Amino acid sequence: SCHAISSCWLQNRVGLKYVTSFILAGSLGQLGSGLARLFRMRYGKDNVFMSDIRKPTRDITSKGPYIFADVLDYKCLQKIIVTHRIDWIVHFSALLSAVAEANVALAMRVNIEGTHNVMELANQYGLRVFIPSTIGAFGPESPRNPTPNITIQRPKTIYGVSKVHTELLGEYYNHKYGLDFRCLRFPGVLSSDTHPGGGTTDYAIQIFHDALKEGRYTCYLGPNTRLPMMHIDDCLRSVVEFMEREPESLPVRTYNVAGASFTPDELAAEIRKTIPHFEINYRPDHRQAIADSWPEVLDDSAARNDWSWRPEYNTKRMASSMLNDLRPVYQ
Ligand code: AKB
């Protein structure tokens, strides 16, 4: 059998039989289309199935297979896995922190029931599984600066509760059945070509759009709210590097990964280096309480030690990259 993804990929290239195929569930969110692009370059475009419950734009469908997959529909997922001989499932479908608080019942279905279906089918059909977790899986009782890989996790949002459940369930299946479950706890992710849907860290993206469009931004978090963030390129690279590791080389299955931490005030100062007249106002809302219960700085030393994780973007580079990418949109 074929273990590392990279060796499967090499085997494909030299024409051997074994092909690794991936399904990315919930791939029309912030992370999915970027990961699909990266995967298709590495593992072949026909081996990477994007999926979601929404109708995609034509540019997405033209670059490789796209199928309907509802993670709440066990049979639908089962059929896809069997028909397309899926080996790996990347499960992105989830309601993010702020939106989930406004719709707890739906969040429990998508974030918890959806994960049950994925986990059970993966186990039944011998798939490997990647599911992202989040800084939201920590809570006010966790050490906040820095937050270690293994520590107290008592989140106060349904999003956080569902992600702790995912982490523990995946580790349980790994321990009990040998399921190859892998999980990274991401901070807020900064992307210029995709939008997050209803998170607490979204301000760090919107601020760039408003800075370029209006020269001003009203922030729903206070000036000194420090949160861990990372650039999408680092985030997607962390997924690939982590998934390509031999399973035996991973002593734990859930890792913190981080880029850099900043406050809205510090990010505004960074933006002013390029847009000197940029103004920021503060009008904290319900998301402030969520942010106040999350880590300020994520300790990713376990990922650095165990699989050589290194971020490439600090705050300055994240800001300049966002401004450069978005400037043409507003010119
Ligand atoms: C959110 O703010 O909900 C997400 C996250 C940090 O998981 N971006």
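The values are calculated or read from the model by the stated rules, or taken from the named source; none is laboratory data. The model shown is predicted, which means the values in this text are computed figures rather than measured ones. Cβ sites come from the backbone with ideal geometry, for glycine too, and all protein chains shown count toward neighbours.
General observations
- Tally, over the stretch 129-150, of residues that are within 27 Å of L35 (Cα to Cα) and either among the polar types (S, T, N, Q) or buried (at least 18 other Cβ atoms within 10 Å of the Cβ) (or both): 12
- From the options T254, T218, residue that is farther than 16 Å from S133 by Cα and in contact (Cβ under 8 Å) with a residue 40 or more places away in the chain: T218
- Number of positions in the stretch 82-99 that are farther than 17 Å from I53 by Cβ and not aromatic (F, W, Y): 8
- Residue within the stretch 207-218 that is within 16 Å of the ligand (Cβ to nearest atom), under 24 Å from R287 (Cα atoms) and crowded, with 19+ Cβ neighbours inside 10 Å present: yes
- Answer residue from the stretch 5-57, given it is of a type in the set (S, T, Y) and at pLDDT 65 or above and is farthest from V239 (Cα to Cα) among those: T57
- Residue list for the stretch 183-194, filter: more than 11 Å from the ligand (Cβ to nearest atom), over 22 Å from E120 (Cα atoms) and not polar (S, T, N, Q): D193
- Flag if R144 is in contact with a Lys or Arg (Cβ under 9 Å, 6 or more places away or on another chain), among the basic types (K, R) and within 11 Å of the ligand (Cβ to nearest atom): no
- In the stretch 283-301, the residues that are farther than 13 Å from F138 by Cα form Cβ pairs under 6 Å with partners that are away from the ligand (no atom under 13 Å from the Cβ) and at pLDDT 95 or above, at six or more places apart or across chains, as follows: R283/T218; P284/G222.
- Long-range neighbours under 6 Å by Cβ, at least six apart or interchain, first residue of a type in the set (S, T, Y) within the stretch 105-122, second modelled with pLDDT of 95 or more and surrounded by 17 or more Cβ atoms within 10 Å (Cβ to Cβ): T115/T166
- Being more than 27 Å from E244 (Cα to Cα), within 13 Å of the ligand (Cβ to nearest atom) and in contact with a helix residue (DSSP H, G or I) (Cβ under 6 Å, 6 or more places away or on another chain) holds for only one residue in A137, A98, A94, and it is A98.
- Residues of the stretch 166-182 satisfying the condition of being surrounded by 15 or more Cβ atoms within 10 Å (Cβ to Cβ) and either part of a helix (DSSP H, G or I) or within 13 Å of the ligand (Cβ to nearest atom) (or both): T166, E167, L169, G170, E171, Y173, N174
- Meets criteria (under 30 Å from V329 (Cβ atoms), within 16 Å of the ligand (Cβ to nearest atom) and of a type in the set (K, R)) for R237: no
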